[in-house]
Amino acid sequence: MPLAYYSRSATEAFWSEHWGGHTVEGLLEIARTSPLTRLIEEHLPPGRRLLEAGCGRGQYVLLFRERGRVAVGADWSFDAVKPAAQAGAPLAVMDLRALAVRSRSVGAYLSLGVVEHDPAGPGGIVAEAARVLPPGGVLLLSVPYWNGLRRLFAPILRRQGRRALAVGGQFYQFAFTRREVRVFLESHGFAVRSFHPYDPGRVIRKVLGAVVGLGGSPAKNDARPGLGARGPRQSGVRTLARRCLYTPPALRLLGHMILAVAVRR
């Protein structure tokens, strides 16, 4: 069973408030240097229309259009997409379980930290992704990763979840194992090619935030270009820390999110 978290329900109002604290320009600048961006670009097929479902402020749509791709975005929060849409970005408000998009009309589908927030499970959104992709279309989908650290503390996390639920907490999100992700993707017609954990610094940023100027990640991904330090010496520490955190063992232990790369059968 996926690991469930309870606090505040991820409603449209929640996302409007969440994205309201971030500017399009700031998120776009972060995305330009994010390790996640490089990871996504490695697996995007060339020359195909990209749909980002759950695009938030639209920074990835803007970035990929900057880099010559045909990209469009959809989100269920009007307030999230409004600034970039008013400036001419091809963003729209849609229910991700019932997209106003023709079947088999996009060549690649991107979803970053979205499907885990549906209390009914990811099936509805994934089924719609399968509808809009043709056979051979590429899906890149990330969810919170049930990593080694979460496995170690699973009894404590589940107990905390039950307590939060008992005092009125609402469902917020699931965390998934690789096997669980593979199962829900394959059940909707996808063949999984690879998995890529990322954002291993999330816990470290929270613990050391007061010391080195970190903080929680501003968006749904490993958005910060490093540890946020400044100066040559601190920059060297940042580079070394990143190299250590992005080794396979560290990613399996600490990766906050995991990106699945799959193809529509």
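Step by step: find N for the range 48-201, compute 2.2 N^0.38 Å, then divide the Cα radius of gyration by it. What's the final number?
1.12
Sequence-distant or interchain residues sharing an amide H contact under 5 Å with Leu133, placed H: which?
Arg104
Given the convex hull over the Cα atoms of the range 15-73, what projected area results after averaging over all orientations, in nm²?
4.0
Using the count of nearby Cβ atoms within 10 Å as a rough guide to exposure, how do Ser7, Ser194, Ser77 rank from fewest to most?
Lowest count first: Ser194, Ser7, Ser77.
Please list, by residue number, every one of the chymotrypsin sites (Phe, Trp or Tyr not before Pro) in the range 88-161 that is coil in DSSP and has at most 13 other beta-carbon atoms within 10 Å.
Hits after loop and neighbour filter: Phe153.
Can you pull the one-decimal nm distance between simple spin-label points at Ser103 and Ala191, each 7 Å off the Cα toward Cβ?
Going from the Ser103 label point to the Ala191 one covers 2.2 nm.
When a footprinting reagent is the concern and you count Cβ atoms within 10 Å, what order do Met257, Met94, Met1 take, fewest first?
The order, fewest Cβ neighbours first, is Met1, Met94, Met257.
Separation of the range 235-265 and the range 122-187 by C-alpha centroid, Å?
18
Using a 10 angstrom cutoff on alpha carbons, build the Gaussian network for the chain and name the most mobile of Arg243, Arg131, Arg65.
The residue with the greatest mean-square fluctuation here is Arg243.
Reported to two decimal places, what Rg/Rh ratio describes the chain when computed on Cα atoms with Rh from the Kirkwood expression?
My calculation of the ratio gives 0.95.
May I ask for log10 I(q)/I(0) of the range 94-182 at q = 0.15, 0.18, 0.19 Å⁻¹, from a Debye sum over the Cα atoms as equal point scatterers with solvent left out?
-0.67, -0.86, -0.92
State to the nearest 20 debye the size of the charge dipole of the chain about its Cα centre, where the only charges are +1 on K and R beta carbons and -1 on D and E beta carbons.
That gives the chain a dipole magnitude of about 860 debye.
Considering only Gly124, Gly189, Gly68, give the residue with the highest GNM mean-square fluctuation for the chain, with springs between Cα atoms whenever their separation is below 10 Å.
Gly68
Contour minus end-to-end for Leu240 and Arg151, with contour as 0.36 nm per residue of separation and end-to-end as the Cα-Cα distance?
Working it through step by step, the gained length comes to 29.4 nm.
Around Ser142, which amide H atoms from residues at least 5 apart in sequence, or from another chain, sit under 5 Å from its own amide H, with H modelled in the peptide plane?
Ser111, Leu112, Gly113, Val114, Ala260
Report the net charge of residues surrounding Arg264, where surrounding means a beta-carbon distance below 13 angstrom and charges are Lys +1, Arg +1, Asp -1, Glu -1.
In short, +3.
Counting other C-beta atoms within 10 Å, which of Thr239, Thr37 has the fewest, and how do the rest follow?
Fewest to most other Cβ atoms nearby, the residues stand as Thr239, Thr37.
If I model a spin label as a point 7 Å beyond the Cα along the Cα-Cβ vector, how far apart are those points for Arg162 and Arg38 in nm?
Here the answer is 4.4 nm between the modelled labels.
Quick note: the coordinates plus some simple rules give every number you see, no bench work behind them. Here the structure is a predicted model, which is why all the values come from computation and not from measurement. Glycine also receives a Cβ, built like all others from the backbone with ideal geometry; neighbour counts cover every protein chain displayed.
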